[in-house]
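Student: The structure follows.
The values are calculated or read from the model by the stated rules, or taken from the named source; none is laboratory data. As the structure is a prediction and not an experimental result, all values here were calculated from the model. Cβ placement follows ideal geometry from the backbone for every residue including glycine, while neighbour counts extend to all protein chains displayed. Just so you know, the surface numbers come from the protein's heavy atoms only, side chains and all, with ligands and any DNA or RNA stripped out. Shrake-Rupley method; radii C 1.70, N 1.55, O 1.52, S 1.80 Å.
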Amino acid sequence: MAPSLLTLATLALWAHHAYAASASDWQKRTIYQVMTDRFALPPSQDSQGAPCDTGAQLPCGGTWSGIENHLDYIQGMGFDAIWISPIVAQLQVPLPPPADGTAYHGYWPENIYALNDAFGTDSDLRSLISAVHSRGMFIMLDVVVNHLATYNVTANADPANPWSGISLTGYSLDEDSEYHPFCPITNYGNQTMVEQCWLGSAAVPLADVNTENQTTVDTYYSWIGDVVSNYTFDGLRIDTLKHIRKDFWPGFAQASGVFTIGEVLDSDAQYVGGYTQVIDAVLDYPGWGMVLQAFQTTGGSMSMLAQSIQNTSTYFKNGGFSVGSFLENHDQPRFPSFTNDTGLIKNAIAWVFVNDGIPIVYEGQEQEYTGGAVPYDREAIWLSGYETNKPLYKHITTLNMARQAAKNGSSSFLTTHMEVISTSTHSIAMAKYPMLSVLTNVGQSASGQVSVAVGSLGNGYSANSELVEVISCSSVKVDGSGNLAFTTQSGAPAVFLPSSMASKVCTNLAASGSGSGAKGAFSTSIYMMSAAVSSVIALVLLVSA
Ligand SMILES: *[C@@H]1O[C@H](CO)[C@@H](O)[C@H](O)[C@H]1NC(C)=O
Ligand SMILES: *[C@@H]1O[C@H](CO)[C@@H](O)[C@H](O)[C@H]1NC(C)=O
Ligand SMILES: *[C@@H]1O[C@H](CO)[C@@H](O)[C@H](O)[C@H]1NC(C)=O
Ligand SMILES: *[C@@H]1O[C@H](CO)[C@@H](O)[C@H](O)[C@H]1NC(C)=O
Ligand SMILES: *[C@@H]1O[C@H](CO)[C@@H](O)[C@H](O)[C@H]1NC(C)=O
Ligand SMILES: *[C@@H]1O[C@H](CO)[C@@H](O)[C@H](O)[C@H]1NC(C)=O
Ligand SMILES: *[C@@H]1O[C@H](CO)[C@@H](O)[C@H](O)[C@H]1NC(C)=O
């Protein structure tokens, strides 16, 4: 008997989804964000370490083969997923480039059906993906749907240039009807304008794809299904999500067959949260802003951070499970451009790993890169020599291992929502059993006494339990009445696990609170007991048992 059409369709669907990773598959993982042009040179040039002037906004030479050659560096920190820059063919601008530079970053697509040959060949890309998969890691593709980039000759008034105006020759969409009519976005309060007018500059207008035209919609749905299955990507990071009408996205996400996380650049949790109704997750921009204010100075507000955690649970579809949590990315000034206080930096990084979101670390954080706003936050990683003996490389490794250990230790870690236990002027204590974290903004020249009532948190935290603080690798015991008392050193964050779960994170345990043998500690920071702050942190559990 011939199989029915329905059976064939079911089989096709099954085949398409055979490798597809879902939101819950991604929830188990942590992501390292690679900016392809800046991560690694091809192996043949690797030893030469070409210079990379971020200010020039020119390609610096990173490729897919370069990434493949340095996967050990990424996996060595404990990441089991990478996110790479968009892969499609890009707008070429005449040199010297206009003020907003060249398409080295990959966010100026021109033809979605061709690869960006600056990053390598089709077989280089396939080789990278299979190398990632053979390590049991996932790979996330960054995609731009909102626009194709154009070059406006009149805006640049280059008399030697043979063309004038904007040409669509060579574009994957080459008819005017496939774009919204030109209008610049001048009012972000007008959502129709945000969706239907154009981003970009006068020199490089980003031609806004007409996603109101069903033919164009179908083009993108079928394109994304093809790209994902063609190359076996495991997930998508979607650029400029808020610039396309919401009801475009469910069909797009479904056509991709994989996990989707989108960029909604806005600080308003209610606005951003709305997008978690149409795709799996969003990058946690509202939370990021609050983390920034909490840790960029010793005067940041912990109660604002707690309020933002509450907002996430109120306005996001699955609360904190609907976000990718980050401290840095290629679009924002790096955290050390706000402060060089190693205590504050380590706390802010720890935030990313202790909340419910999928932790995402942007390349270069582990090297303590300090670049400010775009384009200075896009430093080449090869200039660091891929040094793995750096304090933040170790700090991030410890945090990845702590998450692993929490996951191994309790099957409900990934489905347990983080709860704020308490806040004080300089601290916030959060529980996501079996992980308990106390983040502080006292800064590197201070220490603080932490006292948290933990007896009610469950198994492993009851009176007289042995815990390990995994950042300093110190043992600490819950007292007879269920209180956890601990002294943080040099403004470091504290992340506790029941000692039975921490053996792989800390192999050398120091005595409680001494700080010696601190695994991820900055060797240069000096411990000073400051009278002004020594008694600031006194956390008491206010929740009834
Ligand atoms: C191209 O540049 C000219 C001159 O600056 C400007 O008037 C026009 O609006 C630009 N076109 C687009 C689509 O941005
Ligand atoms: C919002 O923007 C659209 C598109 O530019 C425009 O047609 C509409 O008049 C604007 N609405 C308001 C209230 O300004
Ligand atoms: C939609 O785009 C197609 C080309 O892809 C074009 O032929 C058609 O006329 C457009 N429809 C409208 C309503 O603009
Ligand atoms: C799928 O891969 C082939 C090369 O193997 C390429 O020619 C084709 O353009 C790809 N399709 C998409 C949609 O990326
Ligand atoms: C929480 O959401 C409310 C309502 O949108 C908003 O007024 C408040 O500023 C938000 N708080 C924080 C810390 O983001
Ligand atoms: C941190 O140090 C770097 C390099 O020394 C410097 O460029 C940056 O401005 C410093 N940041 C602050 C906030 O001082
Ligand atoms: C978690 O479990 C895996 C699989 O059993 C093991 O390989 C890994 O070392 C464990 N990690 C930690 C930090 O406990």
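Student: Just how much of Ile84 is accessible, in Å², when a 1.4 Å probe is used and the result is rounded to the nearest 10?
Tutor: 0 Å²
Student: Same structure, new question: Just grab the label-to-label distance for Asn213 and Glu466, each label 7 Å out from Cα along the Cβ direction, in nm (one decimal).
Tutor: My value for the distance between the label points is 6.9 nm.
Student: Quick one: which of 110-117, 175-182, 145-152 comes out on top by average Cβ neighbours within 10 Å, and what's the full order, highest first?
Tutor: By packing density, highest mean first, the sequence is 145-152, 110-117, 175-182.
Student: Also, quick follow-up: Taking only Cα atoms, what is the 0 to 90° angle, nearest 10, from helix 391-409's long axis to the longest principal axis of the chain?
Tutor: 80 degrees
Student: Which three semi-axes in whole Å describe the equivalent ellipsoid of segment 367-423, each the square root of 5 times a Cα gyration tensor eigenvalue, listed largest first?
Tutor: 32, 17, 10
Student: Just need the Rg to Rh number for segment 303-409, please, alpha carbons only, Kirkwood Rh.
Tutor: Dividing the radius of gyration by the Kirkwood radius yields 0.99.
Student: Which FRET efficiency value, to the nearest 0.05, do you get for Arg135 and His417 by plugging their Cβ-Cβ distance into 1/(1 + (r/R0)^6) with R0 = 25 Å?
Tutor: 0.25
Student: Also: At a Förster distance of 30 Å, what's the computed FRET efficiency of Gln270 paired with Ser456, Cβ-Cβ distance as r, to 0.05?
Tutor: Efficiency computed from Cβ-Cβ geometry: 0.40.
Student: Straight-line reach from Lys246: which lysines have a Cα under 26 Å away, not including same-chain ones fewer than 8 places off?
Tutor: By straight Cα distance, Lys246 reaches Lys317.
Student: Compute the FRET efficiency between Ala485 and Ser24 as 1/(1 + (r/R0)^6), taking r as their Cβ-Cβ distance and R0 = 41 Å, and round to the nearest 0.05.
Tutor: After rounding to 0.05, the efficiency reads 0.65.
Student: For the chain, with all protein chains present and a 1.4 Å probe, just round the carbon and sulfur fraction of the accessible area to a whole percent.
Tutor: On the way: 11210 of 20770 Å².
In the chain, the share of accessible area belonging to carbon and sulfur is 54 percent.
Student: Another one. Determine the dipole magnitude for the chain: charges of +1 sit on the beta-carbon of Lys and Arg, -1 on that of Asp and Glu, nothing else is charged, the reference point is the Cα centre, and the result goes in debye to the nearest 20.
Tutor: Working: 21 positive and 45 negative charges, 427 e Å.
In total the dipole reaches around 2060 debye.
Student: For segment 251-357, report the % of Cα-Cα distances exceeding 18 Å.
Tutor: On the way: 2677 of 5671 pairs.
Pairs farther apart than 18 Å: 47 percent.
Student: Run through every distinct alpha carbon pair of segment 39-165 and return the Kirkwood hydrodynamic radius in angstroms, one decimal place.
Tutor: It works out to 16.2 Å.
Student: Check each of the GluC sites (Glu not before Pro) in segment 366-471 and keep only those in coil by DSSP with at most 16 other C-beta atoms within 10 angstrom; list them in order.
Tutor: Sparse-neighbourhood loop GluC sites (Glu not before Pro): Glu387.
Student: Now for a different question. Would you mind checking Lys390/Lys477; Lys346/Lys477; Lys242/Lys390 for any pair whose Cα atoms are more than 27 angstrom apart?
Tutor: Table pairs above 27 Å Cα-Cα are Lys390/Lys477; Lys242/Lys390.
Student: Work out the P(r) tail for the chain: percent of alpha carbon pairs separated by more than 32 Å, whole number. Mind showing how you got there, number by number?
Tutor: Details: 67633 of 148240 pairs.
Across the chain, Cα pairs with separations above 32 Å total 46 percent.
Student: Sorted by accessible area (1.4 Å probe), largest first, how do Lys432, Lys407, Lys477, Lys504 line up?
Tutor: My answer, sorted largest first, is Lys504, Lys477, Lys407, Lys432.
Student: Would you mind working out the accessible area per residue for the chain, using a 1.4 Å probe, and quoting it in Å²?
Tutor: Ligands and nucleic acids excluded, the figure is 38 Å² per residue.
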